[in-house]
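J.: Once you've had a glance at the structure underneath, I'll fire off some questions.
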Amino acid sequence: MYLNEFLLVALVHLLAVMSPGPDFAVVIRNSVSAGRQAGLMTAAGIGTGIFIHIGYSLLGIGLIVSQSVWLFNLLKLVAAAYLIYIGIRALRAQPQGLADERTSTLSMAPRQAFLNGFITNGLNPKATLFFLSVFTAVISPQTPLTVQAGYGLYLALATGTWFALVAVLFSQPRVRRGFARLGHWFDRLMGVVLVGLGLHLVLAEWLRRS
């Protein structure tokens, strides 16, 4: 009965999750610099962070956020501050030799990697806008909450699976060896991307007000 609606939600999600953003950048950075376990834990954190967006969407808080300009702007500023923070940390990456490759794999604790992904997704305005759009424009108000919760569970699992695949790809030994000598420059590039995303949020808000 709800198959068509589910397929539409799945298609919209596929297009959204594959587009580059903060989640994508963080998974790639952690996978290359800290190895497969860190990448997979980051992906798990991102997938778990989806439940934040599902929760407020099902509770109707998403509608409140969409109608409250100052609340949504506050969310964007907090997200920008966090992206700039982890971006600056990446910019401070130091060169490592090939002999240090194994050590670098152990440089990020699983809990830290998980929180990295969880917070990045939880504060991601792109994810907020996506879920506000899906639960207000794509999913019918007449769809039972249990069915909507099922959609949400799928979205969380699909997101985690996608970024797990990204983590596995970028943590391949060949890929990591390719970044071994220039890894700190890649880390700094990801730092520039993350800082740029954070500044984009701030500047977009500033330009909107001016």
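The values are calculated or read from the model by the stated rules, or taken from the named source; none is laboratory data. Given the structure is predicted, the values throughout are model-derived calculations rather than measurements. Every residue, glycine among them, receives a Cβ derived from its backbone with ideal geometry; neighbour counts consider all protein chains shown.
J.: Out of the residues in the range 1-13 that are in contact (Cβ under 8 Å) with a residue 24 or more places away in the chain and exposed (fewer than 15 other Cβ atoms within 10 Å of the Cβ), state the one that is nearest to A44 (Cα to Cα). Step through it out loud before you land on a result.
T.: So the first thing to find is which residues in the range 1-13 are in contact (Cβ under 8 Å) with a residue 24 or more places away in the chain, and the list is 2, 5-6, 8-10, 12-13.
After this cut, where a residue has to be exposed (fewer than 15 other Cβ atoms within 10 Å of the Cβ) as well, the list is 8, 10.
Values: L8: 24, A10: 19 Å.
Looking at residues that are in contact (Cβ under 8 Å) with a residue 24 or more places away in the chain and exposed (fewer than 15 other Cβ atoms within 10 Å of the Cβ), I get A10.
J.: Quick check, is S57 closer than 28 Å to R177 by Cα and part of a helix (DSSP H, G or I)? Let's see the steps before the verdict.
T.: Numbers: closer than 28 Å to R177 by Cα: no; part of a helix (DSSP H, G or I): yes.
Criteria not met by S57.
J.: Quick one: would you say A43 is at pLDDT below 80, assigned to a helix (DSSP H, G or I) and under 30 Å from A10 (Cβ atoms)? Before you say what the answer is, go through the steps one by one.
T.: On the way: at pLDDT below 80: no; assigned to a helix (DSSP H, G or I): yes; under 30 Å from A10 (Cβ atoms): yes.
For A43, the condition - at pLDDT below 80, assigned to a helix (DSSP H, G or I) and under 30 Å from A10 (Cβ atoms) - is not met.
J.: Please verify whether A38 is within 26 Å of P144 (Cβ to Cβ) and in contact (Cβ under 8 Å) with a residue 60 or more places away in the chain, treating the condition exactly as stated.
T.: So A38 does not fit the description; no.
J.: Against the condition at pLDDT 90 or above, part of a helix (DSSP H, G or I), in contact with a Phe, Trp or Tyr (Cβ under 7 Å, 6 or more places away or on another chain) and buried (at least 19 other Cβ atoms within 10 Å of the Cβ), how does G62 come out, does it pass?
T.: Details: at pLDDT 90 or above: no; part of a helix (DSSP H, G or I): yes; in contact with a Phe, Trp or Tyr (Cβ under 7 Å, 6 or more places away or on another chain): yes; buried (at least 19 other Cβ atoms within 10 Å of the Cβ): yes.
It is false that G62 is at pLDDT 90 or above, part of a helix (DSSP H, G or I), in contact with a Phe, Trp or Tyr (Cβ under 7 Å, 6 or more places away or on another chain) and buried (at least 19 other Cβ atoms within 10 Å of the Cβ).
J.: Quick check: is even one residue across the range 95-113 among the polar types (S, T, N, Q), closer than 25 Å to F6 by Cα and modelled with pLDDT of 75 or more? Working first, answer last.
T.: So in the range 95-113, the residues among the polar types (S, T, N, Q) come out as 96, 103-105, 107, 112.
Subsequent filtering for residues that are closer than 25 Å to F6 by Cα retains none.
No.
J.: Which pairs do you get when a residue that is on the phi < 0 side of the Ramachandran plot and modelled with pLDDT under 80, found in the range 167-194, comes within reach of a residue that is hydroxyl-bearing (S, T, Y) and surrounded by 14 or more Cβ atoms within 10 Å (Cβ to Cβ), reach meaning Cβ atoms under 7 angstrom, with the pair 6+ apart or on two chains?
T.: That search, which allows pairs on different chains as well, returns G183/S33; D187/S33.
J.: Give me a count of the residues in the range 123-149 that are farther than 30 Å from V32 by Cβ, of a type outside the set (S, T, N, Q) and without any contact (Cβ under 8 Å) to a residue 12 or more places away in the chain.
T.: Within the range 123-149, the first condition is being farther than 30 Å from V32 by Cβ, and the residues that meet it are 132-149.
Imposing the further condition that a residue be of a type outside the set (S, T, N, Q) reduces the set to 132, 134-135, 137-139, 141, 144-145, 147, 149.
Remaining after also requiring without any contact (Cβ under 8 Å) to a residue 12 or more places away in the chain: 137, 141, 144.
Within the range 123-149, residues that are farther than 30 Å from V32 by Cβ, of a type outside the set (S, T, N, Q) and without any contact (Cβ under 8 Å) to a residue 12 or more places away in the chain number 3.
J.: Consider the range 18-40. How many of its residues are at pLDDT 85 or above and surrounded by fewer than 22 Cβ atoms within 10 Å (Cβ to Cβ)?
T.: Qualifying residue count, the range 18-40: 3.
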